[in-house]
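Student: Encoded as structure tokens, here's the structure I'll be asking about.
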Amino acid sequence: MSASDGRWIAPAEEGLRGRVQVPGDKSVSHRVLIFAGLAEGRARVRGLLDSADVDSTRRCMEALGVDIVDEGDARLIHGAEGRLTEPDDVLDCGNSGTTMRLLCGLLAGQPFHAVLTGDASLRRRPMRRVTGPLSSLGARLDGRQGASLAPLSVRGTRALTGGEIETGVASAQVKSALLLAGLQGRSPLQIVEPGPSRDHSERMLAALGAQIRRLPQDDGSVRVELVPGRPLKLSDVDVPGDVSSAAFWLVAASIVPGSDLVLPGVGLNPTRTGLVDVLRAMGASIDIVDPGLSCGEPVGAIRVRSAPLRAIDLDGPDVVRLIDEIPVLAVAAAMARGVTTIRGAQELRHKESDRIASTVAMLRQMGATVDELPDGLRVHGRAGEPFPGGRVDSHGDHRIAMAAAVAALASSRGCRLRDPAAVTISYPSFFDTLEELRA
Ligand code: S3P
């Protein structure tokens, strides 16, 4: 890498101040577009995330015959009522695991053939977790290594069955793929997941009129029951701000002295707010004001001010509620007092990059001390001492790029970030906002 490679991120000398309108929730945005394939009517959608991942979903849904029209900042979506058209080319899911896994479920019930592929990262990610359970509903899917890896081929059928399925992994993508197939099936479907995963699909399907129930069990598992047959009806929605994007500002403002930020309209679905709870337990100054509801999801404004942080130990279900936030949480831990241990996070090895390895590498490149564990990491806190700074590689992973930028703000020399464009996957305006917030 030459000296001019990548993007330079300078330390934030005076703190971060102002209001941040975070972009729309990525998980909710994918679902609005995909569920429109099965729903009737039309919806004016405001706040839909405009990013590379959601664009992948939009282009796939358009290739399947769903009509989506831009109307200023809003998107007008016409439901296809379950009558999609056979795409005349391979569907490209880009970098987006949500697109590929949810489309497997949608296409499993359509009477035609389709092929799904994606970029090199997505073609390495595990797909058996969706193709396996879907085939037990009668779906016909194939792919490399026994339907484990994309490209995947789906030969849809109108003859899907229901029944009870244990997913074996707490994954909202697996659950949502099954729900999309189940909506097109001939009999009721019961899904049992070993622990709670994000429940946007259940909320949105209930709002569209589906007969669906989510039942947390005493042993920690979650049972989701769906009875197909009711029509799904679209109505206008405001997509809440993405708490996973807010996460970068929550950590940045916490660790850069003199910061004070307000983030209005952030989605506060309890299956997603693990980072808010953990940062508070670490001593962060975070207040939630103006609570409300949007798109069936709790929302609110978050105010965050800098505060000294202390270490924490995390494992098990704690981790699922903040799985996408672990890279930036590790940055917070590195600035805290004491040693933080994060375990039970082996799922991170299967994200856009191996996020245990890439988080460890990023922190070391910034000058922090961190140990890699098979299922997590141990971070040695610096008790507020700025990171020395250095050159960091995003590994083409949006969340690693933004976590590194947050670390750079709390460093003495800043960082030169290789492949900063990865942020376009979920937060295209991230660097513009970062520069605006410097006090
Ligand atoms: C997502 C679910 C999560 C998350 C991913 C988005 C979704 O993955 O990590 O970024 O939109 O359903 P899992 O399916 O592994 O829970």
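Student: Order of 26, 351, 175 from fewest to most other C-beta atoms within 10 Å? If you can, show how the numbers build up before the last one.
Tutor: Values: 26 24, 351 20, 175 28.
Least crowded to most crowded, the residues run 351, 26, 175.
Student: For residue 144 and residue 287 in one chain, what is 0.36 nm times their gap in residues minus the Cα-Cα distance, to one decimal in nm?
Tutor: Numbers: separation 143, 0.36 × 143 = 51.48 nm, distance 4.79 nm.
The residue 144-residue 287 span can extend by a further 46.7 nm.
Student: Using packing as a proxy for protection, rank 54-65, 178-189 so that the peptide with the highest average count of other Cβ atoms within 10 Å comes first. Present the calculation step by step, with values, prior to reporting the outcome.
Tutor: Values: 54-65: 20.9, 178-189: 23.2.
So the peptides 54-65, 178-189, ranked by packing, come out 178-189, 54-65.
Student: Once you order the gyration tensor axes a ≥ b ≥ c over the Cα atoms, which shape class does the stretch 212-297 get: rounded for a/c under 1.5, otherwise prolate or oblate by comparing a/b with b/c? Don't skip to the answer; put the middle values down first.
Tutor: Values: a/c = 3.59, a/b = 1.72, b/c = 2.09.
Judged from the Cα gyration tensor, the stretch 212-297 comes out oblate (a/c at least 1.5, b/c at or above a/b).
Student: Between residue 236 and residue 14, what is the FRET efficiency for a Förster distance of 45 Å, r being their Cβ-Cβ separation, to the nearest 0.05?
Tutor: 0.60
Student: Hey, what's the per residue convex hull volume over the C-alpha atoms of the chain, in cubic angstrom? It would help to have the intermediate numbers written out before the result.
Tutor: Numbers: hull volume 57.1 nm³, N = 439.
Dividing the Cα hull volume of the chain by its residue count gives 130 Å³.
Student: Over the Cα atoms, compute the radius of gyration (one decimal) and Dmax (the largest Cα-Cα distance, rounded to a whole number) for the stretch 158-226, in Å.
Tutor: Reported Rg and Dmax, both Å: 11.1, 36.
Student: Would you mind computing Rg(Cα) / (2.2 N^0.38 Å) for the stretch 121-183, counting N as its residues? Please report the intermediate quantities before stating the final value.
Tutor: Details: Rg = 11.3 Å, N = 63, 2.2 N^0.38 = 10.6 Å.
Normalised by 2.2 N^0.38 Å, the Cα Rg of the stretch 121-183 equals 1.06.
Student: So if we plug the beta-carbon distance of residue 217 and residue 313 into 1/(1 + (r/R0)^6) with R0 = 22 Å, what FRET efficiency do we get, rounded to 0.05? Mind showing how you got there, number by number?
Tutor: Values: r = 26 Å, r/R0 = 1.17.
Efficiency for this residue pair is about 0.30.
Student: Further, regarding this structure: Starting with the fewest neighbours, write out 68, 255, 312, 356 ranked by other beta-carbon atoms found within 10 Å of each beta-carbon. Kindly include the intermediate steps, with their values, before the conclusion.
Tutor: Numbers: 68 16, 255 28, 312 21, 356 24.
The fewest-first ordering by Cβ neighbours comes to 68, 312, 356, 255.
Student: Shifting gears a bit: Ordered by residue, what ³J(HN,Hα) values in Hz, to whole numbers, does the stretch 355-369 give under the Karplus form 6.51 cos²θ - 1.76 cosθ + 1.60, where θ = phi - 60° and Gly and Pro are x?
Tutor: These are the phi-based 3J(HN,Hα) values: 6, 6, 5, 6, 5, 4, 4, 4, 5, 5, 5, 7, x, 8, 9 Hz.
Student: Express in nm, to one decimal, how much length is gained between residue 67 and residue 135 on full extension, taking 0.36 nm for each residue of separation and deducting their alpha carbon distance.
Tutor: Values: separation 68, 0.36 × 68 = 24.48 nm, distance 2.94 nm.
Taking residue 67 through residue 135 to full extension adds about 21.5 nm, to one decimal.
Student: Applying a 10 Å radius around every beta-carbon, put 369-375, 88-94 in order of their mean neighbour count, most first.
Tutor: Details: 369-375: 13.9, 88-94: 16.7.
Most protected by this proxy first, the peptides run 88-94, 369-375.
Student: Can I ask one more? With the cut-off at 1.5 for a/c, could you classify the stretch 212-361 from its C-alpha gyration tensor as rounded, prolate or oblate? Before the final figure, lay out each step's value.
Tutor: Values: a/c = 2.13, a/b = 1.36, b/c = 1.57.
Cα axes put the stretch 212-361 in the oblate bin.
Student: Can you find, among 319, 427, 374, the residue farthest towards the positive end of the dipole of the stretch 316-439? Put +1 on the C-beta of Lys and Arg, -1 on that of Asp and Glu.
Tutor: Final value for the positive-end residue is 374.
Student: Pairs of Cα atoms under 8 Å, at least six residues apart: use those to get the relative contact order of the stretch 294-439, whole percent. Each step should come with its number before you reach the end.
Tutor: Values: 259 pairs, mean separation 30.5, N = 146.
Computed over the stretch 294-439, the figure is 21 percent.
Student: Please arrange 40, 71 by how many other C-beta atoms lie within 10 Å of their C-beta, fewest to most.
Tutor: Details: 40 16, 71 10.
By the 10 Å Cβ count, ascending: 71, 40.
Student: If you don't mind, there's one more thing I want to ask. Which lysines does residue 351 reach when only Cα atoms under 30 Å apart count, and residues fewer than 8 places away in its own chain are ignored?
Tutor: By straight Cα distance, residue 351 reaches 26, 175.
Student: For a test of the definition: using alpha carbon positions, the gyration tensor, and the 1.5 limit on a/c, classify the stretch 53-122 as rounded, prolate or oblate.
Tutor: Oblate shape, in that a/c is at least 1.5 and b/c is the bigger or equal ratio.
Student: Also, quick follow-up: What residues qualify as long-range amide H neighbours of residue 381, i.e. H under 5 Å apart, gap of 5 or more or another chain, H built at 1.01 Å from N?
Tutor: Result for residue 381 returns 338, 339, 340.
Student: What number, rounded to the nearest 500 deg cm²/dmol, is the helix-based mean residue ellipticity at 222 nm of the chain, given -39500 (n - 2.57) per DSSP H run of at least four residues and division by all its residues? Show your work: numbers first, answer last.
Tutor: Details: 14 runs with 133 residues, N = 439.
After summing the helix terms and dividing by residue count, I get -8500 deg cm²/dmol.
Quick note: the coordinates plus some simple rules give every number you see, no bench work behind them. As the structure is a computational prediction, the values presented were derived from the model and not from experiment. Glycine gets a Cβ as well: all are built from the backbone with ideal geometry, and neighbour counts include every protein chain shown.
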